Structures are given as structure tokens and as C-alpha cells.
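Visitor: Could you have a look at this structure, given as C-alpha cells, before my questions?
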Amino acid sequence: MLFLQLITCFSLMLICLADETKLKEKAASKPVRLFTDEELRKYDGTEEGQPIYMAIKGVVFDVTSGKKFYGKGAPYNALVGKDSTRAVAKMSLDPKDLTHDVTGLTEKELESLESVFTGTYKSKYPIVGYTSRRILNEDGSPNEDFKPEDQPNFSVRAEL
């Protein structure tokens, strides 16, 4: 009888230990950053070993995996290290279009922007942060229209 109790106790202990290993905490994901224009410029692909970042619609993507397109001397290098929303919408590399400003874009350009933003960047590249302009107004006051839950890659569960 004692032998049977020891076996039962040992079995329960093994079950508890097995369950405990399954409950290990998930590794923390990298926190999302807020980038000023000056900080974003540091990630323009000119420095070897440094990640390459590009912002569209105030969302900062790590495009390092596309280094052959965005790295130093690559065809789309002009787009990185800044918010290039207008250039993406217009499919332009003209220096005057390398800005976040979407004033005056046509409906077709805005649709193109949304298509490329969602179909290419959000689906292909990790989001590493947001531009400060997306969250703050020019005077530094909070942007009342900014809602974290409406942002790409935002999950209440991930934030808690």
C-alpha cells in the first residue's frame, strides 16, 4: 500500500513539474519606439551594421532585410531614414516628395499609398516604432486623433 502511495505521489509531482515548464513566461518583445526626424535619419543605410528604417504614414519599418533595395547606393535608398509617405504615394524619388506631407495628393495617389502601405510594408517588414509627428502636434501637444488601438501592429494583449 505504501508503495502505491509513493508511486501516486511521484506521478503527481511529475505532472506538476511538466505543467510548470509549459507555463514559462513568453520572452518580452522589443518595445516600440517613438522616433524624431533627427533620430530616424541615423538609420538611412549609410552605416554598415546599422539597421535601415523607413517611415510611411508615421509608422517606422525595419527594411534591413531589403538592403539590396534600401541600402547605401541601392535604388530606393532615398526613401530611408525619413518619413517618405508622399514619395510612396506618388511612386516618386524626387527630393521634394521625400516627406510625410500628403497635402494635395489625388484620390488615386492616396489609394496607391494605402495599397503599398498595407500590401507591401505591413506584410513584409517589422514595425519598430512611430514618428513623433504621428503622436504629437508640431507644438509638442498630444495629437488628440491618435488612438493606440487603431495603430498597425497594436494589440491590447501585447501591451499589458
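Visitor: Give the dimensionless ratio obtained when the Cα radius of gyration of the stretch 29-115 is divided by 2.2 N^0.38 Å.
Guide: Normalised Rg, Cα atoms only: 1.07.
Visitor: Quantify, in whole percent, the carbon and sulfur part of the accessible surface of the stretch 65-107 (1.4 Å probe; protein heavy atoms only).
Guide: That share works out to 57 percent.
Visitor: Just reorder PHE117, PHE69 by solvent-accessible area, largest first, 1.4 Å probe, all chains present.
Guide: My answer, sorted largest first, is PHE69, PHE117.
Visitor: Further question on the same structure: In nm, what is the difference between 0.36 nm times the number of residues separating LEU105 and ASP139 and their Cα-Cα distance?
Guide: 9.8 nm
Visitor: A further question on this structure: May I ask you to give the solvent-accessible area per residue for the stretch 101-140, in square angstrom, as obtained with a 1.4 angstrom probe?
Guide: 61 Å²
Visitor: Calculate the spin-label point distance for GLN50 paired with THR36, positioning each point 7 Å from the Cα along the beta-carbon direction, and give it in nanometres.
Guide: For THR36 paired with GLN50, the spin-label model returns 1.6 nm.
Visitor: Can you tell me which of 81-88, 42-49, 60-67, 103-110 comes out highest on packing, and rank the rest after it, using the mean Cβ neighbours within 10 Å?
Guide: Output ranking for 81-88, 42-49, 60-67, 103-110: 81-88, 60-67, 42-49, 103-110.
Visitor: Local charge sum around GLY81 (other residues, Cβ-Cβ under 13 Å, Lys/Arg +1, Asp/Glu -1)?
Guide: -3
The values are calculated or read from the model by the stated rules, or taken from the named source; none is laboratory data. Everything numeric here is computed off the predicted structure, so don't read it as measured data. Positions of Cβ are backbone-derived with ideal geometry, glycine not excepted, and every protein chain shown enters the neighbour counts. Surface areas here come from the heavy atoms of the whole protein model, side chains and all, with no ligands, DNA or RNA. Shrake-Rupley method; radii C 1.70, N 1.55, O 1.52, S 1.80 Å.
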